[in-house]
Amino acid sequence: MEPAEDTDRRAPRQTGGVAAVTWTCAACDRSFARRRQSHLCVPVASLDDWFADGPPVQREVCDAVLAHLATVGEVDAEAAQVGILIKRESTFAELRPHRDHLRLSVLLDHDVDSPRVSRHIRPTGTFRRYAVFIVLESPDDVDDEVKDLLTESYQCSPVRRARR
């Protein structure tokens, strides 16, 4: 990871009726919840470009996830090198590509006991939330269980208040 440039481009965003302050890296034009957030400073691609060379079903899965989240609230989807980062003020869900599926990860305040969860990461000293991972092979896999987890992850993701 490269250190973030020392620029102070702050972009107010409307989230839940409260303007939140984010920092935008001048080098890659990505927005973050924290000023000077360390990151891999590579510009994001469009979703169309990111999915252009992959299996069409992966774009369909992503579209199903984003269509559900559009009913929950405002989100940003960044097509980064590692996958699709789904953000409110910070990333609360990710879609990572694999040969024959996308792996969804969501951040939650609790663990999930489900046979569909392929991996769990428990909170540590600095990471205070659970991460659960679910394999999505088709848009049909974005069912009520997955939608509920996406909604909960969105709702428990931190929202920063505007500075006064």
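Laboratory data are not the source of any read-out in this text; all were calculated from the coordinates shown. All of these numbers come straight from a predicted model, not from anything done at the bench. Don't worry about glycine lacking a Cβ; one is built from the backbone with ideal geometry, like all the others, and counts go over all protein chains shown.
How far apart, in nm, are the 7 Å Cα→Cβ label points at D144 and R103?
About 2.9 nm, to one decimal.
Size of the dipole of the stretch 107-164 about the Cα centre, Lys and Arg at +1 and Asp and Glu at -1 on the beta carbon, nothing else charged, in debye to 20?
Using only the charged Cβ atoms, the result is roughly 880 debye.
What is the extension gain from T126 to A45, computed as 0.36 nm multiplied by their sequence separation minus the C-alpha to C-alpha distance, in nm to one decimal?
Residue separation times 0.36 nm, minus the Cα-Cα distance, leaves 26.2 nm.
Once the other residues with Cβ under 13 Å from the Cβ of D48 are scored (Lys, Arg +1; Asp, Glu -1), what is the net sum?
Result for the local shell: -2.
Could you tally the net charge around R119, taking each other residue with its Cβ under 12 Å from the Cβ of R119, Lys/Arg +1 and Asp/Glu -1?
Once all neighbours under 12 Å are counted, the net charge is +3.
Work through the residues other than V135 whose Cβ is under 10 Å from its Cβ and net out their charges, Lys, Arg +1 and Asp, Glu -1.
Combined, the nearby Lys, Arg, Asp and Glu give 0.
If each residue's Cβ is checked for other Cβ atoms within 10 Å, how do F127, F133 rank with the fewest at the top?
Numbers: F127 11, F133 17.
Listing F127, F133 from fewest to most nearby Cβ atoms yields F127, F133.
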